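To start, the structure itself, in structure tokens.
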Amino acid sequence: MAGPGSGADAETVHGRDETSEERADRNWSEILQELRAVQTGTQILTGFLLAVAFQPAFAELATQERLAYLGLVVLAGIATIVALAPVIMHRMLFRQRQKERLVRIGSGCLIALLAVVSALVAGVTAFIVDVTVDRTAGVITLAVAMVIVGAVWFVVPRLGRPRAR
């Protein structure tokens, strides 16, 4: 039975019978799904950060806390721009038969976005603890959050991986 991926131009890669175009389409769809998940959290964090400056208690922040806040706002802005990059690129390359290039660059943008959002989440958490508890608690929170981020980035992907014999 011949399916959409069968034929002279189809190839089997990692158990999939699909053409390079079908693989690129599938990979692009996966990137878009991951972008959607990350964008929602990024938008919520960015909205939170932008609202903080308009709260009466913001005037009471120490200079160091204001600088940390501004750093977080910059990170949120960078995250938003990086999240838009694959979508902008898709629009600019639309119907130019460059899906594989789009997938490669979009994947890189997604990894960069995940790194920025990881730092942003750790920073926002530490900032809130710093402002509500004290600086020491904020620094400890940042250190713990960065250890967790490191584990998620470098330990979790290795779990369940087949071991070399």
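FYI, it's all coordinate maths here, none of it is from the lab. From a predicted model like this one, the values you see are computed outputs, not experimental measurements. Using ideal geometry, Cβ is built from the backbone for each residue, glycine included, and neighbour counts are taken over all protein chains shown.
Note on the chain: with charges restricted to the Cβ of Lys and Arg (+1) and Asp and Glu (-1), its dipole about the Cα centre is near 340 debye. If you fit an axis through the alpha-carbon atoms of helix 135-154 and take the longest principal axis of the Cα set of the chain, what angle between them do you get, 0 to 90°, nearest 10? Taking the Cα atoms of the chain, the angle to 135-154 is about 10 degrees.
Determine, for VAL52, VAL144, VAL156, the number of other Cβ atoms within 10 Å of each Cβ, and report the residues in order from fewest to most.
Working: VAL52 18, VAL144 14, VAL156 9.
Ordered by Cβ neighbours within 10 Å, fewest first: VAL156, VAL144, VAL52.
Quick one, can you get me the convex hull of the C-alpha atoms of the range 19-117 expressed as volume per residue in Å³?
83 Å³
Residues whose amide H lies under 5 Å from that of GLU18, counting only those 5 or more places away or on a different chain, are GLU11, VAL13; hydrogens are built 1.01 Å from N in the peptide plane. Residue by residue, the range 25-36 carries 3J(HN,Hα) couplings of 4, 5, 4, 5, 4, 5, 4, 4, 4, 5, 4, 4 Hz when phi is fed to the Karplus relation 6.51 cos²θ - 1.76 cosθ + 1.60 (θ = phi - 60°); x denotes Gly or Pro. Find which of LEU93, ALA59, ALA137 sits farthest along the positive direction of the dipole of the chain, computed with +1 on the beta-carbon of Lys and Arg, -1 on that of Asp and Glu, about the Cα centre. In the chain, that residue is LEU93. Rounded to the nearest whole Hz, the Karplus-based 3J(HN,Hα) values (6.51 cos²θ - 1.76 cosθ + 1.60, θ = phi - 60°) of the range 89-100 follow the sequence 4, 4, 5, 6, 9, 3, 6, 10, 6, 10, 4, 5, with x at glycine and proline. Note on the chain: GNM, Cα springs under 10 Å; of ARG97, ARG66, ARG26, the largest mean-square fluctuation is that of ARG97.
Rounding to the nearest 20 debye, state how big the charge dipole of the range 19-117 is about its Cα centre with +1 on each Lys and Arg Cβ and -1 on each Asp and Glu Cβ. Intermediate results must be reported in sequence, preceding the final value.
Details: 10 positive and 8 negative charges, 90 e Å.
Here the range 19-117 has a charge dipole of around 440 debye.
For the chain, the percent of C-alpha pairs falling in each 5 Å distance bin, counted from 0 to the bin holding the largest distance, reads 1, 8, 13, 14, 14, 13, 11, 9, 6, 5, 3, 2, 1, 0, 0.
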